[in-house]
1. Just to verify a result, which residue in the stretch 31-53, among those that are within 14 Å of residue 64 (Cα to Cα) and of a type in the set (A, V, I, L, M), is surrounded by the most Cβ atoms within 10 Å (Cβ to Cβ)?
2. Can you name the residue in the stretch 50-93 that is of a type in the set (Val, Ile, Thr) and away from the ligand (no atom under 12 Å from the Cβ) and is also farthest from residue 112 (Cα to Cα) among such residues?
3. Taking the stretch 64-81 on its own, how many of its residues are under 12 Å from the mean Cα position of the chain (by Cα) and more than 14 Å from residue 4 (Cα to Cα)?
4. For the stretch 58-78, which residues satisfy the criterion of being of a type in the set (D, E, K, R) and loosely packed, with under 13 Cβ neighbours inside 10 Å?
5. Here are 44, 18: which of them is farther than 17 Å from residue 97 by Cβ and over 15 Å from the mean Cα position of the chain (by Cα)?
6. Would a scan of the stretch 118-130 turn up a residue that is in a strand (DSSP E or B) and aliphatic (A, V, I, L, M)?
7. Search the stretch 21-41 for residues being more than 17 Å from the chain's Cα centre (by Cα), outside any helix (DSSP H, G or I) and free of Cβ contacts under 8 Å to residues at least 60 places away in the same chain, and hand back the single one that is farthest from the ligand (Cβ to nearest atom).
8. Taking residue 112 as meeting all but one of (1) modelled with pLDDT under 95; (2) touching an Asp or Glu at 6+ places or on another chain (Cβ under 9 Å), write down the number of the exception.
Amino acid sequence: MDITENLEFKLVEFNSPAQKETIVLRDEILRKPLGLVFTSAQLAKEKDDFHLAGYYEGRIAACAVLQPCEDQKIKMRQVAVYESFQRRGIGQALIKESEKIAIENGYNLMYCSARKTAVPFYKKLGYITVGDEFEEVSIPHFYMEKKLS
Ligand SMILES: CC(C)(COP(=O)(O)OP(=O)(O)OC[C@H]1O[C@@H](n2cnc3c(N)ncnc32)[C@H](O)[C@@H]1OP(=O)(O)O)[C@@H](O)C(=O)NCCC(=O)NCCS
């Protein structure tokens, strides 16, 4: 079965119950495994970002945060898919939806700090690494980017 046929993406409002659900997902998938927690100051900085949520049969399965930057660049952050939904095409659909939103809002370059473990995932979607490996949240990362058109 192609699970992505039953996926629905929505931009959710900052501080809404739907956005808070994305924080639970981010915490579970991105923070807890590293022994980290979000501070309210960190989350408050995301007020002007796009918060994207992906739902499978009405249940949240994936999310991403898009942070507008200078020169029509936009940073994709906090990309996460619940473990039970991983490797079924949802991440790929999430990135494509993020790119669509970025283009619709006038951005022409998407970039991210990709965890080394996720680099092959982004490469399949046309992202290239720029520069050397670096450390963030105590794990290796690469800067990756893609021109949008
Ligand atoms: C990385 C992540 C977002 C990918 O989402 P996903 O739904 O599992 O990925 P998809 O099923 O859409 O995979 C798309 C393609 O990338 C490949 N891929 C996905 N994760 C991969 C990985 N870790 N290593 C190698 N290839 C990977 C898939 O095999 C698939 O290739 P195919 O189309 O040839 O079969 C998800 O696994 C996740 O949330 N991981 C934990 C958090 C994380 O690392 N987030 C990214 C931080 S930068």
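The values are calculated or read from the model by the stated rules, or taken from the named source; none is laboratory data. Please read all numbers here as calculations on a predicted model, not as lab measurements. Quick reminder, even Gly has a Cβ in these numbers, built from the backbone with ideal geometry, and neighbours come from all protein chains shown.
1. 52
2. This residue is 60.
3. Here is the first cut: in the stretch 64-81, the residues under 12 Å from the mean Cα position of the chain (by Cα) are 64-67, 74-81.
Among the residues that remain, those that are also more than 14 Å from residue 4 (Cα to Cα) are: 64-67, 74-80.
Number satisfying all stated conditions: 11.
4. 59, 70, 71
5. 44
6. Our first condition is that a residue be in a strand (DSSP E or B); within the stretch 118-130, this holds for 128-130.
Still in the list and also aliphatic (A, V, I, L, M): 128, 130.
Yes, the stretch 118-130 has at least one match.
7. Out of the qualifying residues, it is 39.
8. With (1) modelled with pLDDT under 95; (2) touching an Asp or Glu at 6+ places or on another chain (Cβ under 9 Å) applied to residue 112, the lone miss is (1).
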